[in-house]
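The numbers here are math on the coordinates, done by the rules we state, and not lab data. The structure displayed is predicted, hence computed values, not measured ones. Every residue, glycine among them, receives a Cβ derived from its backbone with ideal geometry; neighbour counts consider all protein chains shown.
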Amino acid sequence: MNKDISLSKAALIAGIGLLIMTLTVPFAEFKIIPDLVNPDSASETASNITNNTFLFNGAIFLIFITIVCDIVVAWALYLFLKPVNKGLSLLTAWFRLLYTGVYLVAVTNLIKVFTLTKGASYFHANSPESISELILFYIKSYKYEWFFGLVLFGIYLLLLGYLVLKAGYIPKIMGWLLIIAGMGYVIGHLKVFLFPQLNTSFSMFTALGELVFMLWLLIKGSAIRDVKPS
């Protein structure tokens, strides 16, 4: 175990990172962007974003904070679960980092939208309709690339749940909740690519396992004593 970071500190850091994301993700992904984007109207979407650039840029900034927190949480949970199985804990952390990389690539689509709203010579060389269509195309690309990343995030949660089940210092119910959440992410987002007609509304409830684990890290995990590696 890293001498400078105890299990309790690692749990606290991970819990705080997850707590910050419970604030940034809903505002950016479920409030600001949906309010600005009409997937059936390119012109309305372009108009909304152009007239609300502060909100749109705020969403990008919130996503940036989320990505930073994802990296910190991956590191902190690696340290927290390292005593269980160092190799598997590292692999689990890499899956979260892989998801974060895909998320970062997806966000470049939003930055391209930001660039388009700045005008420049491109606006003079193309019709407003074509620019609006391009803006909506980048928004949809962002959405689907992020959804693909969330499949990887689901696999990460499955691995994390398995590690938690093997950890003697964490209640096993936390592991099962994470595994259920991981299955919800994998099925719910593979649906977009493989079986779009499938009803996966249940995934809204399976994701609550992450919230429960976050609360445990902040309340119980932050008070845990160090353990010897297995």
Item to check | 0 to 90° range, to nearest 10: angle between helix 172-194 axis and the chain longest Cα axis | outcome: 30 degrees
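Which entries of 166/191; 31/140; 31/118; 31/220; 9/82 have Cα-Cα distances beyond 21 Å here? Please report the intermediate quantities before stating the final value.
Details: 166/191 30 Å; 31/140 16 Å; 31/118 23 Å; 31/220 31 Å; 9/82 14 Å.
Those over the limit are 166/191; 31/118; 31/220.
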Checklist entry - Under 16 Å from the 7 Å Cα→Cβ point of residue 29, by amide nitrogen: which residues of the range 148-185? => result 148-158, 181-185
Checklist outcome for this item: If unit charges are put on Cβ atoms (+1 for Lys and Arg, -1 for Asp and Glu) and the dipole of the chain is taken about its Cα centre, the option from 57, 115, 92 lying farthest towards the positive end turns out to be 92
Checklist entry - When all C-alpha to C-alpha distances in the range 1-56 are sorted into bins of 10 Å, what percent of pairs does each bin hold, rounded to whole numbers? => result 21, 30, 18, 16, 12, 3
Next on the checklist: Using only Cα atoms and rounding to the nearest 10 degrees, what angle (0 to 90) does helix 86-117 make with the longest principal axis of the chain?
Outcome noted: 20 degrees
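Using helices alone, what [θ] at 222 nm do you get for the chain, with -39,500 (n - 2.57) per DSSP H run of 4 or more residues, divided over all residues and rounded to the nearest 500?
Working: 10 runs with 180 residues, N = 230.
The helix-only estimate for the chain comes to -26500 deg cm²/dmol at 222 nm.
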Next on the checklist: Let's see if you can work this out: charge +1 on each Lys and Arg Cβ, -1 on each Asp and Glu Cβ, no other charges. What is the dipole magnitude of the chain about its Cα centre, in debye to the nearest 20?
Outcome noted: 1080 debye
Checklist entry - Using θ = phi - 60° and the Karplus form 6.51 cos²θ - 1.76 cosθ + 1.60, what ³J(HN,Hα) does each residue of the range 52-66 get, whole Hz, x for Gly and Pro? => result 9, 4, 4, 5, 5, 5, x, 4, 4, 5, 5, 5, 4, 4, 4
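For residue 105 and residue 176, FRET efficiency with R0 = 25 Å and r from the beta-carbon atoms, rounded to 0.05? All intermediate terms of the calculation are to be shown ahead of the outcome.
Working: r = 32 Å, r/R0 = 1.28.
It comes out at approximately 0.20.
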Item to check | Under the Karplus curve 6.51 cos²θ - 1.76 cosθ + 1.60, θ = phi - 60°, whole-Hz ³J(HN,Hα) for the range 136-142, x wherever Gly or Pro sits | outcome: 5, 4, 5, 4, 5, 4, 4
Next on the checklist: If amide hydrogens are placed 1.01 Å from N in the peptide plane, which non-local residues have theirs closer than 5 Å to the one on residue 38?
Outcome noted: 45
Checklist outcome for this item: Dimensionless Rg/Rh of the chain, both radii on Cα and Rh by Kirkwood, sits at 1.05
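By how many nm would the segment from residue 98 to residue 205 lengthen if fully extended, with 0.36 nm per residue of separation less the alpha-carbon distance? Could you put the intermediate results ahead of the total?
Working: separation 107, 0.36 × 107 = 38.52 nm, distance 2.46 nm.
In short, 36.1 nm is gained.
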